[in-house]
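Each remark here refers to the structure printed beneath this line.
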Amino acid sequence: MPLELELCPGRWVGGQHPCFIIAEIGQNHQGDLDVAKRMIRTAKECGADCAKFQKSELEYKFNRKALERPYTSKHSWGKTYGEHKRHLE
């Protein structure tokens with residue numbers, strides 16, 4: 001007997017049910033709420049069941065040296081890598 005699971009009312013996965021598709025948006029919205037909303041709508045139009053964003057605890061993920069290093073990319077949202085990442089969070 002195949003395993004089946006009801007994720008939310010009326011949405012089953014497993015067995016003969018379709019897979020649950022998660023669109024990974026992460027931080028690709030670059031901190032812009034309008035871009036994030038457009039990405040969610042596009043994911044839905046493409047058939048995704050939900051969209052996932054990324055949130056992390058920067059102080060656990062990066063050491064102080066990494067967070068304090070200068071970040072001079074043309075896509076930078078801060079003077080340091082830490083400022084840039086905090087903006088995206």
Q | Spatial separation of Cα centroids for the stretch 7-42 and the stretch 48-65, in angstrom | A | 17 Å
Q: Select from CYS19, ILE40, PRO9 the residue farthest towards the positive end of the dipole of the chain; place +1 on Cβ of Lys and Arg, -1 on Cβ of Asp and Glu, and compute about the Cα centre.
A: ILE40
**Q.** Hits among lysines - C-alpha to C-alpha of LYS37 under 18 Å, sequence gap 8 or more where chains match
**A.** LYS52, LYS55
Q) For the chain, what's the relative contact order in percent, using C-alpha pairs closer than 8 Å and at least 6 residues apart? A) 22 percent
(Q) At R0 = 25 Å, how high is the FRET efficiency between CYS19 and ARG86 if r is their beta carbon distance? Nearest 0.05 is fine. (A) 0.10
Q | Per residue accessible area of the chain, 1.4 Å probe, in Å² | A | 79 Å²
Q) Within straight cross-link reach of LYS85, meaning Cα distance under 17 Å, which aspartates and glutamates are found once same-chain residues fewer than 8 apart are removed? A) ASP32, GLU57, GLU59, GLU68
**Q.** Set of aspartates and glutamates near LYS61 by C-alpha distance (under 15 Å), chain-local residues within fewer than 8 positions excluded
**A.** GLU83, GLU89
Q) What part of the accessible area of the chain, given as a whole %, is carbon or sulfur when the probe is 1.4 angstrom? A) 56 percent
Q: Divide by every residue of the chain the summed helix terms, -39500 (n - 2.57) for each DSSP H run of at least 4, and state the resulting mean residue ellipticity at 222 nm, rounded to the nearest 500 deg cm²/dmol.
A: -9000 deg cm²/dmol
Q. Which one is right for this structure if Rg and Dmax of the Cα atoms in Å is calculated from it: (i) 11.7, 35; (ii) 18.2, 57; (iii) 13.0, 41?
A. (ii)
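The values are calculated or read from the model by the stated rules, or taken from the named source; none is laboratory data. This structure is a prediction, so every number in the text was calculated from the model and none was measured. Here Cβ is always computed from backbone atoms with ideal geometry, including for glycine, and neighbour counts include all displayed protein chains. Only protein heavy atoms, including side chains, enter the accessible area calculation; ligands, DNA and RNA are left aside. Shrake-Rupley method; radii C 1.70, N 1.55, O 1.52, S 1.80 Å.
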